[in-house]
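Engineer: Can you keep this structure in mind? I'll have questions shortly.
The values are calculated or read from the model by the stated rules, or taken from the named source; none is laboratory data. Bear in mind that the values here come from a model prediction, so they are computed numbers and not experimental data. Here Cβ is always computed from backbone atoms with ideal geometry, including for glycine, and neighbour counts include all displayed protein chains. Surface accessibility is based on the protein's heavy atoms, side chains included, excluding ligands, DNA and RNA. Shrake-Rupley method; radii C 1.70, N 1.55, O 1.52, S 1.80 Å.
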Amino acid sequence: MSSSTIRSLSEISETETIHLSVDLVSAARRNIGFLRSVYECQWLHQRATIIEAIRRYDEVWMPLISNLTVEGSTPPMVLPPFDVEWVWFCHTLNPVGYRKYCETRFSKQIGKPAIFNEENEEYALMRCKQIWVQKFSSEPFENEVESDSKNPPLMNKDLFNEVEKHKFLYSKFAEPYLSELVYLIAARQRYKGFLYMMQRLGDGCFRFVPALDILLMLLTHQSYPRVYVEDMKEMWDNMGKLVVGFWETVEEKQVEETKKLWETTFDEPYEKAGGGIAVGMEKVVLPNPPIYWEVSDVDVNTTKYKSMIPRFLLEACVFVRLNDRRKATNVDNKHKFLRLRMLRCHRELKLEKPITDFSCDSWRKAWHLYCEFGTKGLMVELRCRGGSSLSFKGSKLVKSMVFCWNDLVRAPCITLRRDVEEMRVVASITSPVQAPYLLKCVPDRVTDDSGAMVSDVILKLNNYRPQKGRWLSRTVLDHAGRECFVVRI
């Protein structure tokens, strides 16, 4: 592909790629919340519960929603019970199987309503309950099977396998930044770029591997089956051949080919912060997250303890690609290296990579970090070692490239590029997300009952032992060194 045909992701219009008929940003946020509820519901993972949920889905819900669905019109505003909705969700993630099921049983494609707020969700659930009780009075609306009951006969093994397969799907999308609007808007744009690339370069010779953020959008798109069929009509027959499925084994060749074609199409790295290559979980043991990042939806500390300042973290990735093959092999480059530093705080942090680690042929990941938003950003310095010896400790600054967090948050796909003569550097981040508090306590002076400080003279006379009426004090500081409160013992 010539340089004149290289496109920027932000330049892709609706007319150049597949039109997305559903609000994928809102839909993805709802799906992540739904998957979290499923993951936390141990009752729903019992074999007897799943078998009963599949029966209710097959015998009650699908005939009910089929009768309410008018072909060519918007899906009715009804939502099934929680267990049935989970089976429905899993079934839609097999688009070919779901379409065949609907056409065989009901001679039409059955879609899902686009309901993205709690009020409409509650209304749709209550309306479903009224119709359910009226039409199927002998069937309870809630799944009443006992989790320890004997397993009933399994009537639909394929559907059972689909549900079992997706039991831990939330584990792939558990990071808190995945629900942030900035991240999801960027993911939708990259998904459009993925479809654009497949339309033009998908010749069937190999299969594309979606990165994690693109995969989230793809699964969300598939979970609205009628919309997905209509949007993908031009590529429908080839989607299974073009895209590696979520549970399939990923080959290294497929990953490299996908990266190469993305770089050729958009001249930027395929992977990004929060958008690594997803690998099927049945083949890989999920690693523990590098940091403890579990956060609450409501921060009680900011209302109860006004002095406690929230702490925000983000994931950051830096990629490098050299510009000129002749310059890349220049002898002088053996003396050049890149140094990464923070704009604010952590002055002692100096991560270095030699220029010879990078290539003209492809983008290579230089650093993958978790940073506090209070560091303001990062700076990549191109430096040259002094003298002719590589072991010489001194170095001279040639060029510096600054990436501010605020600039990155506002950039398309939360990604920025900086160019110098020798190379191009791309930095990408995830949305800043509130992280657990980082506190420390430091010793303070001894006081009496009234809180007045006890003098060093009296302490020395008592061999520094606290006595009756004497208090030890500890001052608690937050991550920025600000005083939060004082503990007196």
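Engineer: Select from the stretch 52-87 the residues that are small (Gly, Ala, Ser) and in a helix (DSSP H, G or I) and write down the one among them that is nearest to residue 106 (Cα to Cα).
Structural biologist: Residues of the stretch 52-87 that are small (Gly, Ala, Ser), as a first pass: 53, 66, 72-73.
Applying the additional criterion that residues be in a helix (DSSP H, G or I) yields 53, 66.
Values: 53: 20, 66: 7 Å.
Only one residue tops the list, namely 66.
Engineer: Turning to a different aspect of this structure: Looking at (1) more than 25 Å from residue 235 (Cα to Cα); (2) free of Cβ contacts under 8 Å to residues at least 60 places away in the same chain; (3) open to solvent by less than 40 Å² (accessible area, probe 1.4 Å); (4) of a type in the set (D, E, K, R), which one does residue 108 not meet, given that it meets all the others?
Structural biologist: Single failed check for residue 108: (1).
Engineer: Another question about this same structure. Among 10, 21, which is in contact with a Cys (Cβ under 8 Å, 6 or more places away or on another chain) and open to solvent by 40 Å² or more (accessible area, probe 1.4 Å)?
Structural biologist: Values: 21 fails: in contact with a Cys (Cβ under 8 Å, 6 or more places away or on another chain).
Answer to the check: 10.
Engineer: All but one of (1) aromatic (Phe, Trp, Tyr); (2) out of contact with any Phe, Trp or Tyr (no Cβ under 8 Å at 6 or more places or on another chain); (3) closer than 26 Å to residue 188 by Cα hold for residue 82; which doesn't?
Structural biologist: Every condition holds for residue 82 apart from (3).
Engineer: Which of the helices (runs of 4 or more DSSP H) found entirely inside the stretch 198-266 contain at least 2 residues meeting this: out of contact with any helix residue (DSSP H, G or I) (no Cβ under 6 Å at 6 or more places or on another chain) and within 21 Å of residue 92 (Cα to Cα)? First the steps, then the outcome.
Structural biologist: Numbers: elements: 212-222, 225-231, 239-242, 252-266.
Filter on the stretch 198-266 gives 212-222, 225-231, 239-242.
Engineer: Moving to a separate point now. Taking the stretch 335-366 as the search range and keeping residues that are closer than 17 Å to residue 396 by Cα and of a type in the set (A, V, I, L, M), which one is most open to solvent (accessible area, probe 1.4 Å)?
Structural biologist: Step one: list which residues in the stretch 335-366 are closer than 17 Å to residue 396 by Cα, which gives 335-341, 350-355.
Within this subset, residues satisfying the condition of being of a type in the set (A, V, I, L, M) are 338, 340, 351, 355.
Values: 338: 0, 340: 0, 351: 54, 355: 5 Å².
Ranking the candidates gives 351 first.
Engineer: Mind listing whichever residues of the stretch 187-235 are more than 21 Å from residue 270 (Cα to Cα) and either free of Cβ contacts under 8 Å to residues at least 12 places away in the same chain or not aromatic (Phe, Trp, Tyr) (or both)? Show your work before the answer.
Structural biologist: As a first pass, look at the stretch 187-235 and keep what is more than 21 Å from residue 270 (Cα to Cα): 222-235.
Those that are more than 21 Å from residue 270 (Cα to Cα) and either free of Cβ contacts under 8 Å to residues at least 12 places away in the same chain or not aromatic (Phe, Trp, Tyr) (or both): 222, 223, 225, 226, 227, 229, 230, 231, 232, 233, 234, 235.
Engineer: May I ask you to say which residue of 101, 57 is in contact with a helix residue (DSSP H, G or I) (Cβ under 6 Å, 6 or more places away or on another chain) and among the aromatic types (Phe, Trp, Tyr)? Steps first, please.
Structural biologist: Numbers: 101 fails: in contact with a helix residue (DSSP H, G or I) (Cβ under 6 Å, 6 or more places away or on another chain).
Going through 101, 57 in turn, the sole match is 57.
Engineer: How many residues are charged (D, E, K, R), under 17 Å from the mean Cα position of the chain (by Cα) and open to solvent by 40 Å² or more (accessible area, probe 1.4 Å) if we restrict to the stretch 173-207?
Structural biologist: 3
Engineer: Shifting gears a bit: Just give me the residues in the stretch 84-109 being modelled with pLDDT under 95 and among the acidic types (Asp, Glu), in sequence order.
Structural biologist: The answer is 103, and nothing else.
Engineer: Please work out which residue is surrounded by the most Cβ atoms within 10 Å (Cβ to Cβ), limiting yourself to the stretch 143-163 and to residues that are among the charged types (D, E, K, R) and closer than 28 Å to residue 231 by Cα. Quick ask: steps written out before the conclusion?
Structural biologist: Keep residues of the stretch 143-163 that are among the charged types (D, E, K, R), which gives 144, 146, 148, 150, 157-158, 162.
When the remaining residues are screened for being closer than 28 Å to residue 231 by Cα, the result is 158, 162.
On the way: 158: 10, 162: 21.
Result: 162.
Engineer: Search the stretch 423-460 for residues being closer than 22 Å to residue 338 by Cβ and in contact with a Lys or Arg (Cβ under 6 Å, 6 or more places away or on another chain), and hand back the single one that is surrounded by the fewest Cβ atoms within 10 Å (Cβ to Cβ).
Structural biologist: 424
Engineer: Can you run down the residue pairs with Cβ atoms below 9 Å, 6 or more apart or on separate chains, where the first is in the stretch 304-321 and of a type in the set (Gly, Ala, Ser) and the partner is open to solvent by 60 Å² or more (accessible area, probe 1.4 Å) and in a strand (DSSP E or B)?
Structural biologist: The qualifying pairs are 307/483; 307/485; 316/368; 316/370.
Engineer: Inside the stretch 241-263, can you point out the residues that are open to solvent by 50 Å² or more (accessible area, probe 1.4 Å) and under 16 Å from residue 199 (Cβ atoms)?
Structural biologist: 241
Engineer: Pick from the stretch 292-347 the residues that are modelled with pLDDT of 85 or more and of a type in the set (Phe, Trp, Tyr): which of them is farthest from residue 379 (Cα to Cα)?
Structural biologist: Restricting to residues being modelled with pLDDT of 85 or more and of a type in the set (Phe, Trp, Tyr), the top hit is 312.
Engineer: Name every residue in the stretch 37-83 that is aromatic (Phe, Trp, Tyr) and either open to solvent by less than 20 Å² (accessible area, probe 1.4 Å) or at pLDDT 95 or above (or both), in order of residue number.
Structural biologist: To start, the set of residues in the stretch 37-83 that are aromatic (Phe, Trp, Tyr) comprises 39, 43, 57, 61, 82.
Correct list: 57, 61, 82.
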